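The structure under discussion appears below in the form of structure tokens.
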Amino acid sequence: MAANATAESVKSALRAQHIETPSWAYGNSGTRFKVFAQEGVPRNAYEKVDDAALVHKLTGVAPSVALHIPWDKVDDYADLAAHAKDAGIALGAINPNVFQEDDYRLGSVCNPDPAIREKALAHLLECVDIMDATGSSILSLWFADGLNYPGQDSLRARQDRLAEALTATYERLGADQRMLVEYKFFEPAFYATDIPDWGTSYAHCVTLGERAQVLVDTGHHAPGTNIEFIVAFLLRQGKLGGFHFNSRFYADDDLMVGAADPFQLFRIMHEIVQAGALDAAANVAFMLDQCHNLEPKVPAMVRSIMNVQEATAKALLVDSDALAAAQRDGDVLGSNAVLMDAYNTDVRPLLREVREDLGIDPDPIAAYRASGHAERVREERKGGQAAGWGA
Ligand code: PSV
Ligand code: MN
């Protein structure tokens, strides 16, 4: 146990943690080779909300679900918000989709055709209308815009078009709303991506103003990138809006967070804890952006949340006084040992206590199995069209 953190303060931070799950993780997904359909998958936004609510019930720390528009298009967003509330959760970030229509072949807000740019912008603004109806405070922006070949379009003109659309969207935001701008170093464009890195996103956000911040999707970096450095830098500038957690082995794999590299997740959470950014007042949104292609979706979400909790607990256990002293003394091995001591702590018993405090089963996976949910939805959700990409 860290000398400077009491067991109670660690547990209270873990009880207060809020991790948002993505609606699209509950629908069918796959690779460009094959989508393997699963039984019992939600058929609409209401059923996705139900699954997200179950994840919250089992973990106690996932009280909101992000929507993707138009995958989660409904006639009445206030009604969907009321449904979520009845189920015990809230609707979270709104994610516009400006990448799945033929019009967007050459990009959305960066497209050389002004009519297509206008269409993409109209969708972004429509998503802010949806935020007004759902009570969401975050607009998460990811653009598939980019180029496959050198010379295909002007790199610089595309930045101008991007800035124009971001500005118009920013101006439409309400006082309690903010926009998070995500970057991705490649894919679906291969030669150049219009927001390839945190620096590009950051520069646009600085120009826009304080309600524009960077969204760090952990899967969107080149192998070997030091993500915790990016996190530390952005926190220092007040520009870390939030995360899309997932893990990757090779590309944008969207695997369960903490599955590929739990140590990286710990290092990221260490920067968060050191900066005091776990506190809700810091306004860092901890969101998951994953796809469960082979594994059952609800327990995979539960596991993912448990992985984030484990990394967070370990980060909270870092003896920061001892770390600061070792760093001050230039004690290279000693400071590293302080970090590794925390990382090597088995925090599962502590998290069981946290769950008991929250009044939930200390073993969320066992509770999921015992709930009979999988068997129930397999029957209830027969017929109709299972949700999935493009649904
Ligand atoms: C595509 O790379 C992506 O995974 C981005 O991370 C977005 O956040 C997500 O899809 C939802 O649009
Ligand atoms: Mn993402």
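For the reader, a short list of remarks on this structure follows.
- Antiparallel DSSP beta bridges within the chain, percent to nearest 5: 15 percent
- About its Cα centre, segment 17-312 has a charge dipole of approximately 500 debye under the convention of +1 per Lys or Arg Cβ and -1 per Asp or Glu Cβ, with nothing else charged.
- Centroid-to-centroid, using Cα positions, segment 244-260 and segment 267-333 are 15 Å apart.
- Positive-pole candidate from PHE36, VAL206, GLN385, dipole of the chain, charges at beta carbon: PHE36
- Cα convex hull volume per residue for segment 83-195 (Å³): 105 Å³
- Normalised per residue, the volume of the convex hull around the Cα set of segment 285-391 (Å³): 164 Å³
- For the chain, lysine pairs separated by 8 or more sequence positions, or belonging to different chains, with Cα-Cα distances below 19 Å total 14.
- Zero-based 10 Å bins, Cα pair distances in segment 204-362, whole percents: 10, 35, 37, 17, 2
- Percent accessible area from carbon and sulfur atoms, the chain, protein chains only, probe 1.4 Å: 52 percent
- Here, segment 263-305 is characterised by an Rg to Rh ratio of 1.08, where Rg is the alpha-carbon radius of gyration and Rh the Kirkwood radius.
- Area of ARG348 that stays accessible when all protein chains are in place (1.4 Å probe, Å², to 10): 140 Å²
- Helix-only mean residue ellipticity at 222 nm for the chain, each DSSP H run of n ≥ 4 adding -39500 (n - 2.57), per residue, nearest 500: -14000 deg cm²/dmol
- Accessible area of the chain divided out per residue, in Å², using a probe of 1.4 angstrom: 44 Å²
- Whole-angstrom gap from segment 30-60 to segment 148-185, using each part's C-alpha centre: 30 Å
- Net charge of Cβ neighbours under 10 Å - reference ASN246; Lys, Arg +1; Asp, Glu -1: -4
- Measuring with a 1.4 angstrom probe and ignoring ligands and nucleic acids, ILE360 comes out at about 30 Å² accessible.
- Cα convex hull volume per residue for the chain (Å³): 141 Å³
- Selection among GLY258, ILE94, ALA322 by position relative to the dipole of the chain gives GLY258 as farthest towards the positive end (Cβ unit charges, Cα centre).
- Kirkwood Rh and Cα Rg combined as Rg/Rh, segment 155-244: 0.96
- If you take all other residues with their beta carbon under 15 Å from the beta carbon of TYR46, and give Lys and Arg +1 and Asp and Glu -1, the sum is -4.
- Computed with a 1.4 Å probe on the full set of protein chains, the accessible area for LYS382 sits at about 120 Å².
The values are calculated or read from the model by the stated rules, or taken from the named source; none is laboratory data. Fair warning: this is a prediction, and the values are worked out from it, not measured in the lab. Quick reminder, even Gly has a Cβ in these numbers, built from the backbone with ideal geometry, and neighbours come from all protein chains shown. When the accessible area is computed, the model is the full protein with side chains, heavy atoms only, and any ligands, DNA or RNA have been set aside. Shrake-Rupley method; radii C 1.70, N 1.55, O 1.52, S 1.80 Å.
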